[in-house]
Amino acid sequence: MSEFDEAERRIWAGRAEAFRDGFAKLCAHTAPALLDAAGAGPGTRLLDVGTGSGTVAVAACARGARVTAVDAEPGMVALARRAAPEADVHVAVLPNLPFGPGTFDAVVANFVVNHTGRPAATVAALRDATRPGGRVAATIWCSPVGVGHELLDRAVDEAGVERPADLPWLDPADDFPRTAEGFAALFKDVGLDRVSCEPLAWDHVAGPEEWWGGAASGVGLIGQTIGRQDPAIIERIKVAYDRLVAEYAGADGQLVLRYHALLASGRVASGSNGSTGMGS
Ligand SMILES: C[S@@+](CC[C@H](N)C(=O)[O-])C[C@H]1O[C@@H](n2cnc3c(N)ncnc32)[C@H](O)[C@@H]1O
């Protein structure tokens, strides 16, 4: 496992509930477009990788899909099982998936490829699990990610707090441009065809304390930056946050946070056996 993947395991460990109650609501906005891109409908054999607390699995079940879901974090698996009792949910760590080649009609990954140390191997693993003619679809954040993160970053900067030196950074050899072209290339390079990549944008509405709570609980890189500080420093960041928050609030005091993501999808070429062994 790469250093990046080891750091990811530490970041998610024990944070399933905190994710569900905070940033999962932000990630949920892209679920309908992701499932549309995967062609998910009644009877689709669908795999949701990095299911987290199960948002996409629940939405796929509601469409009548036959859903399998995996996540590396056992706490997430427990929550997803509870949220989507019809789904078959397991622990599995990408890029190693415990399924034979071509098991699924569609494989989806909502904000997961960007959490793996070898993104190309991850997309190859998604392709391998998909039958010829089936679809792979995934979302990632793009830059700038969104104003909710800008707000938290500004609060950290105003409080004069340095980012921890040991936050995970991808090996440049494994990284890819976080652009529509860069994400699409990841799909094309593993042999997927009919690849497309589109930008998505939406307003995420959250209460100021709810938004702060998600970050302060240590979820994600910004959460690690805030949540790992001493209580006195966290309080200093919070004071700065409370001062800045008015700039982002609507008339009702709720935060209206513009976010941006990329949605890529592709098809496993007919006649392919769905596996080159790269991801499995
Ligand atoms: C940002 S969350 C997204 C969760 C979910 N897809 C959603 O939209 O709410 C990323 C998820 O990917 C999982 N994850 C990260 N790296 C993983 C890996 N290598 N294999 C499987 N799951 C992974 C994390 O445990 C976490 O649940």
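When you restrict to C-alpha pairs under 8 Å that are six or more residues apart and normalise by the size of the chain, the relative contact order lands at 24 percent.
Which sequence of Lys238, Lys188, Lys25 reflects their accessible areas, 1.4 Å probe, from the largest down? Could you put the intermediate results ahead of the total?
Values: Lys238 25, Lys188 125, Lys25 95 Å².
If we order Lys238, Lys188, Lys25 from most to least accessible, we get Lys188, Lys25, Lys238.
Ellipsoid semi-axes for segment 1-132, based on the Cα gyration tensor and the rule √(5λ), read 21, 18, 13 Å when sorted largest first.
Mean residue ellipticity at 222 nm from the helices of the chain, using -39,500 (n - 2.57) per DSSP H segment of n ≥ 4 over the full residue count, to the nearest 500 deg cm²/dmol?
Numbers: 12 runs with 109 residues, N = 280.
After summing the helix terms and dividing by the residues of the chain, the value is -11000 deg cm²/dmol.
For Ala269, the amide hydrogen comes within under 5 Å of the amide hydrogens of Gly133, Asp193, counting only partners 5 or more places away or on other chains and with H modelled in the peptide plane.
Based on the Kirkwood radius over alpha-carbon pairs, what value in µm²/s does the Stokes-Einstein equation return for the translational diffusion coefficient of segment 1-77 at 37 °C and 0.692 mPa s?
Details: Rh = 13.2 Å.
Using the Kirkwood radius from Cα pairs, D works out to 249 µm²/s.
Each DSSP beta bridge with both residues in the chain is either parallel or antiparallel, and the antiparallel ones are about 50%.
Annotation: Cα Rg of segment 153-280 relative to the compact-globule expectation 2.2 N^0.38 Å equals 1.43. Of the accessible area of the chain, computed with a 1.4 Å probe over protein heavy atoms only, carbon and sulfur atoms account for 53 percent. May I ask you to work out the translational diffusion coefficient for the chain at 20 °C, viscosity 1.002 mPa s, via Stokes-Einstein with Rh from the Kirkwood sum over Cα pairs, reported in whole µm²/s? After rounding, the answer is 112 µm²/s. Segment 169-239 and segment 1-53 have Cα centres separated by 12 Å. Relative to the longest principal axis of the Cα atoms of the chain, helix 180-189 runs at roughly 30 degrees. Taking 0.890 mPa s as the viscosity and 25 °C as the temperature, the Stokes-Einstein diffusion coefficient of segment 126-189 based on its alpha-carbon Kirkwood radius rounds to 162 µm²/s.
Remark: the chain carries 42 Å² of accessible area per residue (probe radius 1.4 Å; ligands, DNA and RNA excluded). To the nearest ten degrees, helix 3-12 and the longest principal axis of the Cα atoms of the chain are 70 degrees apart. What do you get for the angle between helix 119-128 and the principal long axis of the chain? Use alpha-carbon atoms, 0 to 90 degrees, nearest ten. Approximately 40 degrees, to the nearest 10.
The values are calculated or read from the model by the stated rules, or taken from the named source; none is laboratory data. What you are looking at is a predicted structure, and each value in this text was computed from that prediction instead of being measured. With ligands, DNA and RNA removed, areas are computed over all heavy atoms of the protein, side chains included. Shrake-Rupley method; radii C 1.70, N 1.55, O 1.52, S 1.80 Å.
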